[in-house]
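Participant: Got a structure here, written out as C-alpha cells. Questions coming.
The values are calculated or read from the model by the stated rules, or taken from the named source; none is laboratory data. Only a predicted model underlies this, so the values are computations on that prediction, with no experimental measurement involved. Cβ atoms come from the backbone with ideal geometry, glycine included; neighbour counts cover every protein chain shown. To get the accessible areas, we keep the full protein, side chains included, count just its heavy atoms, and leave off ligands, DNA and RNA. Shrake-Rupley method; radii C 1.70, N 1.55, O 1.52, S 1.80 Å.
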Amino acid sequence: MTTSSLPRLQGAPVLVVGAGIMGAGIAQVAAQAGHPVWLFDMREGAAAAACEQIGKTLAGLEAKGRIAAGQAQAAQARLQPLAALEQARGAALAIEAIVENLDAKRALFRQLEGLLDPQAVLATNTSSISVTAIARGLQAPQRLVGMHFFNPVPLMKLVEVVSGLQTDVAVAEAIFDLSRTWGKVPVHAKSTPGFIVNRIARPYYAETLALLLEQAAPPQVLDACLRAAGFRMGPCELMDLIGHDTNYAVTNSVYEANFFDKRFVPSLVQREMVDGGMLGRKSGQGFFRYPQGAPAVVASPTASIAGARAVAVYGDGPVAEALAAAAAAACAGQGAAFQRVVDSAWTGLDVDGARLVLSDGRCAAQLAAAQGVADLAVFDRPVVQPMPPGMALAWAPAPQASPRWREQAAAWLAALGFLPLEVADTPGLVVARTLAMLVNEAADAVLQGVCTVEGADAAMKLGVNYPAGPFEWLQAWGVERVVAVLEALDAYCCGERYRVSPWLRRHAAATTSGIAPK
Ligand code: NAD
C-alpha cells in the first residue's frame with residue numbers, strides 16, 4: 001500500500017467501535033476535529049447514550065468558554081450512533097476501542113474488512129495486545145495500525161502510533177498526521193509489550209514496590225520524595241488511584257510478554273493487596289485509607305548544627321553549587337570556617353571530618369567503608385533545579401555512624417534547606433534509584449527501536465505527565481553517573497533486574513572517549 005492508495009483521512013467519516021470510556025472520548029475528539037463520526041457498540045443503546053453524553057460535555061465546554069460558540073452543536077451534529085455495524089460502509093477510518101481481548105479484536109477487524117472500502121485504515125486502541133497479533137489473519141494486515149490514546153482522551157495529548165510487523169509505513173504516517181490535526185502529539189512506536197509509556201513507566205511503580213518489600217520506608221515517605229522530584233503524584237497514591245488490580249494486571253502482562261524477564265517482575269506487596277481486595281481508592285483502602293488519604297510525613301528529628309568548626313563542600317555541578325551556597329550561609333551564621341573543594345571524587349558536605357555524601361548508587365555502609373569514614377550518611381539526588389526550600393529528601397546513615405552524627409546529618413540537611421526523611425540504607429535511595437531505572441528502561445526501548453529518544457521524552461511527559469523526559473534527566477545527570485547508580489544496584493542485588501542497558505553502556509563509553517555513538 002502506498003500513500004497515493006490511502007483515502008484522504010482529513011475530514012473523512014470515522015467509525016468508532018466501542019462506546020465505553022475510550023471510544024466515547026475518541027468520538028468526541030474526532031467530531032470536534034470536523035469528521036462525521038459513527039459510533040457503534042454491541043450493547044444496545046450504549047452508542048446513543050454515549051453520543052448524548054458527549055453532547056452534554058461539549059455544551060458544558062461551550063458554556064465555560066473552552067470552545068467557541070456554536071462548536072458544541074456543530075460537533076454533536078456530526079456524531080451519529082449506529083444500530084448496526086453494516087451502516088458503517090463508507091468510513092475511511094475505523095478505530096476500535098472494544099474489550100481488551102485478542103479474539104474479539106481479531107473478529108471485529110475481519111468483519112470490518114468485509115464491510116469497508118479496501119483502502120480504509122483500521123486502527124486499534126489496544127493498550128497491551130500486540131498489533132502484529134491483532135493483524136494476523138486479515139487479508140490486508142498492512143492497513144492495521146495501533147492508535148493508542150490516553151485517558152481521558154479529550155485532555156491527554158499523546159497518541160502512540162503503533163506499527164506491527166506488517167503495518168505499512170504510509171498507514172502509520174497517515175495516522176500520525178491525522179492525530180496532529182486532532183490537536184494531539186503523536187509518537188511512533190513499535191509493537192512491543194507496553195509500547196512506550198506502559199513499558200518505560202514500569203520502574204516508577206516497581207522500584208517503590210521493591211523499597212516497600214525491603215521495608216525501606218513507609219509509602220507516604222516514598223511518595224513525598226518522588227513528588228519532590230517533580231512528579232505530580234507519588235507512586236503509592238498513583239497506584240491507589242489507578243487501582244491495584246489494574247496496575248498488577250498490566251505489570252503481569254508486561255512481565256509475561258517479556259518472557260518473565262526479572263526486570264519486570266511483579267511485586268508480592270501488590271499481589272497481597274489485590275488478593276485482599278485492597279484495590280486503592282475504589283475499595284476505600286490501598287496503601288492509604290480513603291477518603292482521608294496519605295498521612296503527613298514526619299521529618300527526621302533535627303538537632304542544632306551549632307558547634308561545627310570546619311565545613312567543606314566537595315564536588316562540582318549544580319547540586320554541589322547549591323549545597324555550597326546554602327552551607328556557606330549556614331556557616332556564616334554559626335561562625336564556622338567554610339571551604340569549597342571542587343576537584344573531588346565525591347559530592348557533599350564534610351563537617352569536622354563527618355560526611356554527608358550525595359548518592360552515587362552505593363549505600364552509606366559501602367561509602368563509609370570506601371572513604372574510611374564511619375560518621376557518614378548518604379542523601380538522595382535532588383533533581384529539581386533550583387531546589388525549592390523544604391524539599392523532601394531521603395537520606396540514610398551508615399550503620400557504623402555515631403548517634404551524634406545521625407542527628408547532625410539530619411540537622412545539616414535541614415540547615416541546607418531540605419526536609420530530611422530517613423530511609424533504610426539502600427543503594428540509590430529513592431529518587432536516584434527510580435530515575436536511573438526509568439532512564440535504563442527508556443534506553444532499552446530506544447535500543448530495540450521501539451521509539452526514538454525524542455519520542456520517549458514526549459511520550460512520558462504527555463502520556464503520564466512526567467516532569468521531564470528520561471533522556472532529559474540523562475542529559476542533566478550525565479550518562480556515567482546514571483550507569484554508576486545502575487551498576488551499584490546491580491552489584492548489590494546480584495540479579496538480572498538492574499542490568500545496564502547496552503545503549504547506556506555505549507553512550508557512557510562514547511562520553512569517556514569523546515566520540516559520539518552513531
Ligand atoms: P470500556 O469497557 O469502557 O468500553 C468497551 C466498550 O466496548 C463497551 O461499551 C462494550 O460494550 C463494547 N464492546 C465490547 N466488545 C465489543 C464488540 N465486539 N463490538 C462492539 N462493542 C464492543 O473499555 P475502555 O476502557 O473504553 O477500553 C477500550 C479499549 O481501549 C481497550 O482495548 C483498552 O485496553 C483500551 N484502552 C483503555 C484505556 C483506559 O484507560 N481505560 C486507555 C488506553 C487504551
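Participant: Return the Cα extents of segment 310-422 along principal axes one, two and three, sorted largest first, each rounded to a whole Å.
Facilitator: 30, 28, 27
Participant: Just the C-alpha atoms of segment 375-518: what Rg/Rh do they give, with Rh taken as the Kirkwood radius?
Facilitator: In segment 375-518, Rg relative to Rh is 1.02.
Participant: Apply 1/(1 + (r/R0)^6) to the Cβ-Cβ distance of residue 337 and residue 448, taking R0 = 56 Å, and write down the FRET efficiency to the nearest 0.05.
Facilitator: The pair residue 337/residue 448 has a calculated efficiency of 0.60.
Participant: Now a separate question. Once you wrap a convex hull around the alpha carbon atoms of segment 198-275, what is its projected area averaged over all directions, in nm²?
Facilitator: Over all viewing directions, segment 198-275 projects a mean Cα-hull area of 4.9 nm².
Participant: Name the residue farthest towards the positive end of the dipole of the chain from the options 55, 217, 455, assuming +1 on Cβ of Lys and Arg, -1 on Cβ of Asp and Glu, about the Cα centre.
Facilitator: 55
Participant: Another question, then. What size of dipole, in debye to the nearest 20, comes out for segment 159-216 about its Cα centre when the only charges are +1 on Lys and Arg C-beta atoms and -1 on Asp and Glu C-beta atoms?
Facilitator: 60 debye
Participant: R0 = 22 Å: FRET efficiency of residue 494 with residue 400, Cβ-based, nearest 0.05?
Facilitator: 0.45
Participant: Let me ask another. Considering only protein heavy atoms and a 1.4 Å probe, what is the carbon-and-sulfur percentage of the accessible area of segment 439-513?
Facilitator: After summing per-atom areas, the C and S share lands at 53 percent.
Participant: Please report, to one decimal in angstroms, the Kirkwood hydrodynamic radius of the chain built from all distinct Cα-Cα pairs.
Facilitator: 25.1 Å
Participant: For segment 198-275, which whole percent of the accessible surface, found with a 1.4 angstrom probe, sits on carbon and sulfur atoms?
Facilitator: About 55 percent, which is the carbon plus sulfur part of the accessible surface.
Participant: Only four residue types carry charge here, +1 at the Cβ of Lys and Arg and -1 at the Cβ of Asp and Glu. Report the dipole size of the chain about the Cα centre in Debye, rounded to the nearest 20.
Facilitator: The calculation lands at about 660 debye.
Participant: Ranked from highest to lowest mean number of other Cβ atoms within 10 Å per residue, what is the order of the peptides 477-487, 320-330?
Facilitator: 477-487, 320-330
Participant: In debye, nearest 20, what is the charge dipole magnitude of segment 214-269 about its Cα centre with +1 on Lys and Arg Cβ and -1 on Asp and Glu Cβ, if you could check?
Facilitator: 180 debye
Participant: Under 20 Å from a label point 7 Å along Cα→Cβ of residue 268: give me every residue in segment 215-239 with its amide N that close.
Facilitator: From segment 215-239, the list is 215-219.
Participant: Round to a whole number: what % of the accessible area of segment 346-405 belongs to carbon and sulfur, probe 1.4 Å?
Facilitator: On segment 346-405, the fraction of accessible area on carbon and sulfur atoms equals 58 percent.
Participant: While we're here: Over segment 198-275, with the other protein chains present, what is the accessible area per residue in square angstrom, probe 1.4 angstrom?
Facilitator: Per residue, segment 198-275 has an accessible area of 38 Å².
Participant: Over segment 427-478, give the accessible area per residue in Å² for a 1.4 Å probe, as an integer.
Facilitator: I get 25 Å² per residue for segment 427-478.
Participant: Return the sequence-ordered ³J(HN,Hα) values of segment 179-191 in whole Hz as given by the Karplus equation 6.51 cos²θ - 1.76 cosθ + 1.60 applied to θ = phi - 60°, using x for Gly and Pro.
Facilitator: Karplus-based 3J(HN,Hα) across segment 179-191 equals 4, 4, 5, 8, x, 9, 10, x, 9, 6, 9, 8, 5 Hz.
Participant: In Å², and per residue, what accessible area does segment 310-422 have when probed at 1.4 Å with the other protein chains present?
Facilitator: Accessible area per residue: 38 Å².
Participant: Roughly what % of Cα-Cα distances in segment 3-191 sit above 22 Å, to the whole percent?
Facilitator: 40 percent
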